[in-house]
């Protein structure tokens with residue numbers, strides 16, 4: 001639960017186990033915090049598959065505390081590989097598109113970024129449970145999502 005840690009942490013993992021293929025799961029908000037480390041990944045020739053869960057903001061925080069601070073600027077995530085001059089990127093909005101993107105990424109020797117667009121209101125069971133517990137610990141009764 002360290003927001004923004006996934007992309008930089010993947011560099012250490014990849015350097016320690018260069019033959020290990022792995023996935024980086026990161027939200028769009030967290031990626032905006034430290035996603036610039038993608039340039040380091042490209043420079044070092046590493047090849048993780050980075051899946052950006054784009055739910056239009058700080059989705060985890062939205063479930064804990066509502067507020068305008070959960071809104072972020074929407075980036076062109078398919079353009080990040082062009083920005084850092086390496087890797088491949090694509091966007092998926094359906095299961096079929098995601099399956100195709102993932103199969104392509106698994107065959108690549110380059111870093112691959114897959115933007116997975118998910119509904120803003122989508123919450124998995126584990127996320128809902130964690131958010132509920134954090135709200136309790138904070139004494140917050142505010143559980144509505146911001147708009």
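Rule-based calculations on the coordinates, nothing more; no lab input. Here the structure is a predicted model, which is why all the values come from computation and not from measurement. Methodologically, a virtual Cβ is constructed for each residue, glycine included, from the backbone with ideal geometry; neighbour enumeration extends over all protein chains shown.
For the chain, what is the calculated [θ] at 222 nm in deg cm²/dmol (nearest 500), taking -39500 (n - 2.57) for each run of four or more DSSP H residues and dividing by its residue count?
-12000 deg cm²/dmol
Helix 6-16: angle to the longest alpha-carbon principal axis of the chain, degrees 0 to 90, nearest 10?
Its long axis makes an angle of about 40 degrees.
Hey, how much of the P(r) for the chain falls beyond 24 Å, as a percent of Cα pairs?
35 percent
Can you tell me, using C-alpha contacts under 8 Å and at least 6 residues apart, the relative contact order of the chain as a whole percent?
Relative contact order comes out at 26 percent.
Relative contact order for the stretch 1-50: what is it in percent, counting Cα pairs under 8 Å that are at least 6 residues apart?
That works out to 52 percent.
If I take R0 = 35 Å and measure r between the Cβ atoms of residue 107 and residue 72 in this structure, what FRET efficiency does the formula 1/(1 + (r/R0)^6) give, to the nearest 0.05?
E between residue 107 and residue 72, to the nearest 0.05, is 0.65.
Quick one: helix 125-138 against the long Cα principal axis of the chain, what's the angle to the nearest 10°, folded into 0 to 90?
50 degrees
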